[in-house]
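A quick write-up on the structure given underneath.
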Amino acid sequence: MNSLWQRFRHRLHEIVFEADTWAGRAFDISLLFLIVLSVLAVVLESVPSLARPYGHFFDKIEWLFTILFTIEYILRIISIRKPLRYITSFFGLVDLLAILPSYLGLFLFGAHELAAVRILRLLRIFRILKLGEYTSAAALLAYSLRESRAKITVFFVAIFTLVITLGAMMYVVEGRSNGFESIPLSIYWAVITITTVGYGDIVPSTPMGKLIATLIMLLGYVIIAVPTGIVAVSLTAASKKKEISTQACPNCGRQGHDPDAVHCKYCGAAL
């Protein structure tokens, strides 16, 4: 009986988590199709001209998708030996968020509209369609950002200090009569100016204020290049790392293993 259950769970894992078999690929492509339809239904329901005449139809469709995704979520939990690892993983949390809004909508008005978060589940398309190079590129970029976090943190602290100083300076130079009514409002102006956004809702009027604004805008172009260079250096250093496979661990459901890996690097189970 135990061996029969193990075979069933192994087969279920191949279908639900893997895309190497015909059944697994058909399951995943069908799932992506349902995700797109469910998000489209949520989007269309927000249109007043459609919500009024077809509100009951959208409600029924939403619960149909919720039930299907709930069944799928339960199957994913059943198919792995350590379900808690899947539940607390990124995709596990995304899968849970895909079904929670409808149930929360029974108690909180409007919560079901959060079902649009299901669009995050389309990230599975990289594994389903065997776009391994994109998965590897995403992992490489995430690694580069982690390696650069200390430099980026120092950079943002410096920028934060700079905009506070420049905002206070503009408050003194321009004053309330020219629209710079407070230091926080002046800091807001400094932020949108140094980032070259420039909404134009607040503009300097005095010659000194215009000079400072010109220097800030020129400084903005220089500042934009700094974090790009920091990440680029880490990205170049990390590009020598090996690509990752699209195989999911049957024990914990985690992905991101090396192509030649025979054991899961997260839980040690055989792949």
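A few notes on this one:
- Extreme residue, nearest to Leu218 (Cα to Cα), among residues of region 179-207 that are touching a residue at least 24 places away in the same chain (Cβ under 8 Å), in contact with a Gly (Cβ under 6 Å, 6 or more places away or on another chain) and of a type outside the set (Ser, Thr, Tyr): Ile194
- Selection of region 189-227 for residues being open to solvent by less than 80 Å² (accessible area, probe 1.4 Å), hydroxyl-bearing (Ser, Thr, Tyr) and assigned to a helix (DSSP H, G or I) yields Thr193, Thr214.
- Qualifying residues in region 59-81 (those that are within 18 Å of Ala248 (Cβ to Cβ) and among the hydroxyl-bearing types (Ser, Thr, Tyr)) - the one most open to solvent (accessible area, probe 1.4 Å): Tyr73
- Residue match in region 43-55 (condition: within 17 Å of Arg254 (Cβ to Cβ) and not β-branched (Val, Ile, Thr)): no
- Boolean, Val157 is open to solvent by 50 Å² or more (accessible area, probe 1.4 Å), outside any helix (DSSP H, G or I) and out of contact with any helix residue (DSSP H, G or I) (no Cβ under 7 Å at 6 or more places or on another chain): no
- Per the conditions (1) farther than 30 Å from Ser79 by Cα; (2) of a type in the set (A, V, I, L, M); (3) at pLDDT below 70, the sole criterion not satisfied by Ala168 is (3).
- Ser3 passes every criterion in (1) within 30 Å of Ala270 (Cβ to Cβ); (2) open to solvent by less than 80 Å² (accessible area, probe 1.4 Å); (3) modelled with pLDDT of 80 or more apart from (3).
- Taken over region 8-58, residues that are open to solvent by less than 70 Å² (accessible area, probe 1.4 Å) and in a helix (DSSP H, G or I) amount to 27.
The values are calculated or read from the model by the stated rules, or taken from the named source; none is laboratory data. A quick note: this is a predicted structure, and the numbers were derived from the prediction, not measured. Neighbour counts are summed over all protein chains in view; Cβ atoms, including those assigned to glycine, are modelled from backbone coordinates with ideal geometry. To get the accessible areas, we keep the full protein, side chains included, count just its heavy atoms, and leave off ligands, DNA and RNA. Shrake-Rupley method; radii C 1.70, N 1.55, O 1.52, S 1.80 Å.
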